[in-house]
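Just below is one structure, and these are the notes that go with it.
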Amino acid sequence: MKEAIIKMSEKIGENILNILERIPVLRKLVSTQFRLRSFVCVAVLIASYISFNATYLIVSSLYQYSFIKNADEVSDAVSQQIFNSMVRLMEEGWTRDELDVFLESVKGANSRLPFKVEVYRGEAVERDYGKIKQPEMDMNIRDAFRTGDAVVYKADPIVINIYPIKAEGRCLKCHVRAGAGDVFGVMKVQQDISPAINEVKRKANLFFFILLPIPFIMAGAVAVFLNARINRSTTFFHDRISSINEVKDLTTLSLSNAYSGFVEFNQVLGEIKGLVQKIKDVAIDREILEFEIKVLEKFIITSEVVKDWKDHVSNLLLEINKAMEAYALFSIFQVGEEVYDLEIFWRNKPLDTTKERFEHIVKRKIEDSMRFSMAEIKIIHNVADPSAFLQDLNETDINLQTKSLILETPQIGGVVGIGVQSEIARDAVRSLVIDGILTTLLNVVGSIKAIYKYTKDLEFYATRDPLTNLYNQRVFWELLGYEIGRSDRHRYKFSLLVIDLDNFKNINDSYGHIFGDKFLSEFALKARDALRQGDILSRYGGDEFVVVLPEADEEQAFLVANRIMENMGRLSLPAPDGTSARVTISIGMAVFPDHAENAKDLFIFADNMMYKAKSEGKNSIAVPTQKDIIETFKAMSEKTLIVTNAIEQREIAPYFQPVLNTETGGVECYEVFSRIKTEKGILNAGEFIEIAEKLGAISKLDLILLENVFVKINNEGYAGLLFINLSSKSLVLSEFIPNIIKLTKKYEIDPGRIVFEISEKDTMRNIVLLEKFIDNLKFSGFKFAIDEFGSGFSCFYYVKRFPIDFVKISGEFIRGMLMSKKEMAIVQTMVVLAKEFNIKTVAEYVENKDILDCVKKLDIDYAQGYHIGLPSPDLKHK
């Protein structure tokens, strides 16, 4: 029964699909847009048509199934009746001939009915009574003889019932050789049901044809009812919506009486009502939009803000008043930790009572809104147009008319909040516009303040040292040149002091650069206290300072220098380890025009005097003697001339010191040093680099050295790595790296073979500049190394921040690690750190076999020093 119902359902589904496929208009309707009323009519008609046909197919299929089932039962009953009749006749003693006559009569009688009966004799009967002529047995007949099971099946439109005739106890009286259950024969009853089914279909079609108009009449009635309701709702909407011609008409739009008669439509109507209410709440007409545009047009930032940001904001307030009346504008800036400035800008001059009320209310708003503490607030009042007085504002007016925007964290320019006090803040709609304006105004005022501050900072730090706030080196040279000109015109002398802190590197190495910077700042204050009014103190670089003393001869210069020495003797700072840090200074002096007639020579002379003070034991003032003048100028002139000529003649000679691979034992790379050949011998880099730096020619010297190196390695076919020292002065030259790239292309040198190294002490002078320089080097394909690694406190910081390829461990630790457990531990730590970051290590100052063996044991990658080889002009040497 279940399988029959499933098959019937599948057949019904197929019939419905066939019906739909035969309605091309339906496919067209699916892809067509309708008016709602038309759609309802069409949908109801289609639904009725499909429902009617589906009902017809279901009912007729169910009836057909019932009829077939009944035919099966009738066929089974006929078979059973014939069998029972045959058994009764045989019990009454009928002969075989009489039985055959009975069977023939049964067949004849059934010929008038939709039944056809065939009886097949089995082997058990044939043994006793012989074979007879009978129809050929099909597979189902043979299965019935073999299994003894009845079979019912259909061969449309005929139902076939195969019924086995089995031996019972009473049959064994005559069939003595048979056993109970043996199949004597098989009866095949065939029933043709097609005439009956056709008759049923005819009557059913007639019945459904009579009922066909009823669903369409009902569908039409439903469609009319639905369309009436839909039409009423759409007409209501049309009448309301057509009355809206501009945004302000939304305020009169009412949908309170809207009712569609449908739950779903009423839900949609409810949402629309809510939407309309929201639109009415935030509707802004053209006047409001024009008002906002007019105000925002006043927020254009021009170059005038550089002059004075307060004037610009005051003018901005006056411009805003051309679009809306605003009495005051205020902004809050963070100027320090928990320290804030409240800048209030008044359109006109306010009364004192108004100022007090306004301050009180604004401070309260700030305290209520800010999520961070405000230990100190400074209030500054500014008046845009002081020619008129502002009307007195009471507390209620200020509260209602003040709109503010307070941020959680300071933004550009340090701005954390802004507000405006205006009559239109009472208007709910225009108040929303002010909220948007305040957001823009916050950024504008913050940007104005930031531009002003950054411009002032640029102006300041273009002339000042950011650490000590003293004049920087560039300004020193300008002021020195200016003082020479002024002194020359007015025929008076002036003096120059060059000051250097003795052994200041120990302060940085012992306590770190942060403490060292603090010490330098304190020294600048002490030195400034010792100067006269009008004296010029500058930081020349690092721990070197210079002082220009206008209208001061040698004696006056000595007095000033002595006061600086005395102040320095009183300078003591508590160090991180709890001790007191002190430093002595060496001072050299020079007098114009006694010791030089131009700025460079005057500085070089004073600088040489400073080195003389250091050579004589430090912590002293070197007062030049006639002998000093002769010797200094002679040496100075000779070396300056040598360096100048060497650069002009491009005679900077490269020397190569081998670097050993500790694993292979072979020389795989070289470090390049610069030398200058003279008639008296070879000048080492330490003897002329500083002169080149002071001449401003160090970058040119570096490029000449590089070009000579490239020529050398190309001529000798060297393809290994080259370590090349760079002056920190090269970092500031934007064209330095492009010039190097040009050289590598010119001589076809792979940038990956070049390792530029900068000493750790030089890296601290400008971390940001160094980072940019290294990034450019790496981007161009070059490698980078830190020299004297570990000599300062920042080595771990460099490893973390910079893309380093090599670290050259400071020779100070390498030489001492065999004698000091601490230095051995430091070297081991640096090696482990470098390996964790995949950085190659180089040990410097490897001066004997014991140190080399220890370097190999510590698994340092490379070794360099006098034991490996001395610097030489030859690339291929041991």
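Tabulated values for the structure
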quantity	calculated
Odd one out for S759, checked against (1) within 24 Å of F656 (Cβ to Cβ); (2) open to solvent by 70 Å² or more (accessible area, probe 1.4 Å); (3) modelled with pLDDT under 80	(2)
Flag if E668 is among the charged types (D, E, K, R), in a helix (DSSP H, G or I) and either modelled with pLDDT of 85 or more or under 22 Å from D787 (Cα atoms) (or both)	no
Sole residue being among the hydrophobic types (A, V, I, L, M, F, W, C) and modelled with pLDDT of 85 or more, chosen from I366, I380	I380
Top-ranked residue of segment 148-191 - restricted to ones that are closer than 30 Å to Y65 by Cα and basic (K, R), ranked as most open to solvent (accessible area, probe 1.4 Å)	K154
Count of segment 537-568 residues which are more than 16 Å from M609 (Cα to Cα) and without any contact (Cβ under 8 Å) to a residue 12 or more places away in the chain	1
Only one of T439, T455 that is touching a strand residue (DSSP E or B) at 6+ places or on another chain (Cβ under 7 Å) and either open to solvent by less than 60 Å² (accessible area, probe 1.4 Å) or modelled with pLDDT of 65 or more (or both)	T439
Checking C669 against (1) under 46 Å from the mean Cα position of the chain (by Cα); (2) open to solvent by 20 Å² or more (accessible area, probe 1.4 Å), the condition it does not meet	(2)
Segment 490-541: number of residues that are of a type in the set (D, E) and in contact with a strand residue (DSSP E or B) (Cβ under 8 Å, 6 or more places away or on another chain)	4
Conditions (1) modelled with pLDDT under 75; (2) open to solvent by 40 Å² or more (accessible area, probe 1.4 Å); (3) touching a Phe, Trp or Tyr at 6+ places or on another chain (Cβ under 6 Å): number failed by Q134	(1)
Wholly within segment 676-747, helices (runs of 4 or more DSSP H) carrying at least 2 residues that are modelled with pLDDT of 80 or more and farther than 22 Å from S780 by Cβ	685-695, 698-716
Top-ranked residue in segment 762-780 [being within 21 Å of K694 (Cα to Cα) and open to solvent by 30 Å² or more (accessible area, probe 1.4 Å); ranked as modelled with the lowest pLDDT]	M764
Test result for K449, open to solvent by 60 Å² or more (accessible area, probe 1.4 Å), touching a Phe, Trp or Tyr at 6+ places or on another chain (Cβ under 9 Å), on the phi < 0 side of the Ramachandran plot and at pLDDT 65 or above	no
Those residues of segment 590-641 which are of a type in the set (A, V, I, L, M, F, W, C) and open to solvent by 60 Å² or more (accessible area, probe 1.4 Å), in sequence order	I630, L641
Test: residue in segment 533-545 that is surrounded by 14 or more Cβ atoms within 10 Å (Cβ to Cβ), hydroxyl-bearing (S, T, Y) and in contact with a Leu (Cβ under 7 Å, 6 or more places away or on another chain)	yes
Criterion (hydrophobic (A, V, I, L, M, F, W, C) and in contact with a His (Cβ under 9 Å, 6 or more places away or on another chain)) met by exactly one of F656, F688, F710	F656
Residue that is more than 30 Å from G617 (Cβ to Cβ) and not acidic (D, E), where the choices are L479, L501, L531, L549	L479
Subset of segment 472-481 [open to solvent by 40 Å² or more (accessible area, probe 1.4 Å) and within 42 Å of the chain's Cα centre (by Cα)]	Q473, R474
Lone qualifier among N661, N645 - being open to solvent by 50 Å² or more (accessible area, probe 1.4 Å) and either within 45 Å of the chain's Cα centre (by Cα) or of a type outside the set (S, T, Y) (or both)	N645
Qualifying residue in segment 118-129 (condition: surrounded by fewer than 12 Cβ atoms within 10 Å (Cβ to Cβ), more than 20 Å from Q190 (Cα to Cα), in contact with a Lys or Arg (Cβ under 8 Å, 6 or more places away or on another chain) and charged (D, E, K, R))	no
Condition check for Q33: modelled with pLDDT under 75, farther than 23 Å from L211 by Cα and not in a helix (DSSP H, G or I)	yes
Those residues of segment 488-515 which are surrounded by 13 or more Cβ atoms within 10 Å (Cβ to Cβ) and acidic (D, E), in sequence order	D500, D502, D509
Those residues of segment 810-868 which are open to solvent by 50 Å² or more (accessible area, probe 1.4 Å) and touching a Leu at 6+ places or on another chain (Cβ under 7 Å), in sequence order	Q828, D850, H867
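Conditions tested, residue by residue: (1) of a type in the set (V, I, T); (2) on the phi > 0 side of the Ramachandran plot; (3) in contact with a helix residue (DSSP H, G or I) (Cβ under 7 Å, 6 or more places away or on another chain); (4) touching a residue at least 12 places away in the same chain (Cβ under 8 Å).
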| position | (1), (2), (3), (4) |
| --- | --- |
| L467 | no, no, yes, yes |
| F476 | no, no, no, yes |
| H490 | no, no, no, no |
| L496 | no, no, yes, yes |
| I507 | yes, no, yes, yes |
| L525 | no, no, no, no |
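The values are calculated or read from the model by the stated rules, or taken from the named source; none is laboratory data. Fair warning: this is a prediction, and the values are worked out from it, not measured in the lab. Glycine gets a Cβ as well: all are built from the backbone with ideal geometry, and neighbour counts include every protein chain shown. The accessibility values were calculated without ligands, DNA or RNA, using every heavy atom of the protein model including side chains. Shrake-Rupley method; radii C 1.70, N 1.55, O 1.52, S 1.80 Å.
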